[in-house]
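Asks: Could you have a look at this structure, given as structure tokens, before my questions?
Derivation of every value follows stated rules applied to the coordinates shown; laboratory data play no part. What you see is a predicted model; the values in this text were computed from it and never measured. Reconstructed Cβ throughout: ideal geometry from the backbone, glycine too, with neighbour counts over all protein chains shown.
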Amino acid sequence: MELDFPPAGSAVLSVSQLLRSAREMLERRFPLQWIAGEISNLRPAASGHLYFTIKDDAAQVDCVMFKGRAAALEWKPADGLRVEVRALVTLYEPRGRFQLNVEGMRRAGLGPLYERFLKLKDKLAREGLFDPGAKRPIPEHPMQIGVVTSLAAAALRDVLTTLRRRNPSIPVVVYPAPVQGEGAAAKLVQALASANARAECDVLLLVRGGGSIEDLWQFNEEALARAIRASAIPIVVGVGHETDFTIADFAADERAPTPTAAAELVSPSIEALRERIAATALRISRQTARKLEYAMQAVDGLARRLVHPEERLRRLRQNLLHLGKRLSSATARLFERFTAQVNVAQKSIVSLDPTAVLARGYSITRGATGALLRNASQASMGERIVTTLARGNIESEVKSKA
């Protein structure tokens, strides 16, 4: 076999030149466009870039979605999901590999409806319709629960079964309305208005099962979102599956991933309530017993301080007896002191008694006038004087004086 060599002097391309020319030709031939396929071999990188393959029944192509674009997604890509990617058809020159540079991605089948969803969501968010601060709290123990859904919906059976299982004592009121098809959103708005007018429930469940975006579209209508926010009764929305999001979910006071989860959210489990009541009763019993023990200890303390009247009288008698003894002893001591003082005084008096002096041999002489004579010169010659002795008196006449 003969080889077809290029003629002498013709240009020979390098690998880089060839791949660059091929890349430029591809990018000119295929501008940004939407391509549908199923995700496989998804490989998120530490850098934040996403590497994956999209495929159909006959072919597959490598894709890369850089960090900035990937971070803007409001849902999480996963293997097996059917998607539509807005991509640039290109060539990765360093490896000579054909690939798509993905700038946007949506779940397959969304198309214009998804665009409408995003626009309405953005509009209502700017108005503050989804503001968390405006959300109403869901009652912990509702006295009555309202359910807004179709009577033929499987979601209604799931909700009623869950409510009956968790707490059959809570009454349930159903406000029927279609949940699919043209005009269903208006009927749902009327059902919410009726529930608010009757004001017989503490919380409302707005539910329906899963389906395509077309099936769920009535829950993306602006009128329904505004009716949810205008409700005086808190509303829990449980529409579709966990990965399904509607405008009603964002407007709700609480979003549940499924109708069953919505029922569980608003109905306290009777078993859990029984356990809480038992635990509370046990805690009250223990606290009461502890307080009773403290009270008994306080009574014992007071009893130790409390004196019986008879005991008090006994102590008073003892105190009086003791006081009497002290008074008697003090009186005796005082009497003894006074007696001693009297004895001393008596002795002093006795020592000063003239008769005592006379008893020792002395005498007392008085003149005729009765005045004591201390000097002989006081007596006159011939004067009659009286001398008192220890026993008796002697009268005499002055004959001489010396």
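Asks: Using C-alpha positions alone, give me the convex hull volume of the range 65-112 per residue in cubic angstrom. Display every interim value, and only then the final one.
Replies: Numbers: hull volume 4.8 nm³, N = 48.
Given the Cα convex hull of the range 65-112, per-residue volume reads 100 Å³.
Asks: Under 10 Å from the Cβ of Asn220, count the other residues' Cβ atoms, weight Lys and Arg +1, Asp and Glu -1, and hand me the total.
Replies: Values: positive: Arg116, Lys121; negative: Glu221, Glu222, Asp249.
Summing Lys and Arg as +1 and Asp and Glu as -1 gives -1.
Asks: Applying 1/(1 + (r/R0)^6) with R0 = 60 Å to the Cβ-Cβ distance of Ala193 and Ser21, what FRET efficiency is obtained, to the nearest 0.05?
Replies: My answer for the efficiency is 0.35.
Asks: Length gain on complete extension for the stretch Val342 to His308, per 0.36 nm per residue less the alpha carbon to alpha carbon distance? Could you put the intermediate results ahead of the total?
Replies: Numbers: separation 34, 0.36 × 34 = 12.24 nm, distance 5.02 nm.
Gain on extension, Val342 to His308, equals 7.2 nm.
Asks: Right, next: Once you have the Cα-Cα distance between Arg384 and Tyr114, take 0.36 nm times their residue separation minus that, and quote the gain in nm to one decimal.
Replies: Details: separation 270, 0.36 × 270 = 97.20 nm, distance 17.03 nm.
Additional length available on full extension: 80.2 nm.
Asks: Compute the angle between helix 184-198 and the longest alpha-carbon principal axis of the chain, please, reported from 0 to 90 degrees and rounded to the nearest 10.
Replies: Taking Cα atoms only, the helix is inclined about 20 degrees.
Asks: Now for a separate question. With the chain treated as a Gaussian network of Cα nodes joined by springs under 10 Å, which of Leu156, Leu204, Leu73 yields the largest mean-square fluctuation?
Replies: Of Leu156, Leu204, Leu73, the most mobile in the Gaussian network model is Leu73.
Asks: What angle, in degrees between 0 and 90 and rounded to the nearest 10, separates the Cα long axis of helix 270-305 from the longest principal axis of the Cα atoms of the chain?
Replies: Approximately 10 degrees, to the nearest 10.
Asks: Explain nothing, just the number: dipole magnitude of the chain about its Cα centre with +1 on each Lys and Arg Cβ and -1 on each Asp and Glu Cβ, in debye rounded to the nearest 20.
Replies: Details: 56 positive and 43 negative charges, 939 e Å.
It works out to roughly 4500 debye.
Asks: Lysines near Lys67 by alpha-carbon distance under 20 Å, same-chain residues fewer than 8 away left out - which ones?
Replies: Within the straight-line cut-off, Lys67 pairs with Lys76.
Asks: Using all Cα-Cα distances in the range 356-397, what percent lands in each 5 angstrom bin from 0 up to the longest?
Replies: Result returned by the calculation: 6, 24, 32, 22, 12, 4, 0.
Asks: Suppose the Debye formula is applied to equal point scatterers at every Cα of the range 15-108; what is log10 I(q)/I(0) at q = 0.22 Å⁻¹?
Replies: Relative scattering, expressed as log10 I(q)/I(0), comes to -1.13.
Asks: Moving to a separate point now. Run down the aspartates and glutamates and flag those whose C-alpha is under 15 Å from the C-alpha of Lys187, throwing out any fewer than 8 positions away in its chain.
Replies: Leaving aside aspartates and glutamates fewer than 8 places away in the same chain, those within reach of Lys187 are Glu221, Glu222.
Asks: When Rg is the radius of gyration of the Cα atoms in the chain and Rh is its Kirkwood radius, what does Rg/Rh come to?
Replies: We get a ratio of 1.89 for the chain.
Asks: Quick check: pseudo-label points 7 Å beyond the Cα along Cα→Cβ at Ala11 and Ala134, how many nm apart are they?
Replies: Modelled inter-label distance: 6.3 nm.
Asks: At a temperature of 20 °C and a viscosity of 1.002 mPa s, determine how fast the range 222-273 diffuses translationally according to Stokes-Einstein, using the Kirkwood radius over alpha-carbon pairs as Rh; express D in µm²/s, rounded to the nearest whole number.
Replies: Working: Rh = 11.7 Å.
My calculation gives 184 µm²/s for D.
Asks: Compare the Cα positions of Ile39, Ala303, Ala87 along the charge dipole of the chain (+1 at Cβ of Lys, Arg; -1 at Cβ of Asp, Glu; about the Cα centre) and return the one farthest towards the positive end.
Replies: Sorting the options by dipole projection puts first Ala303.
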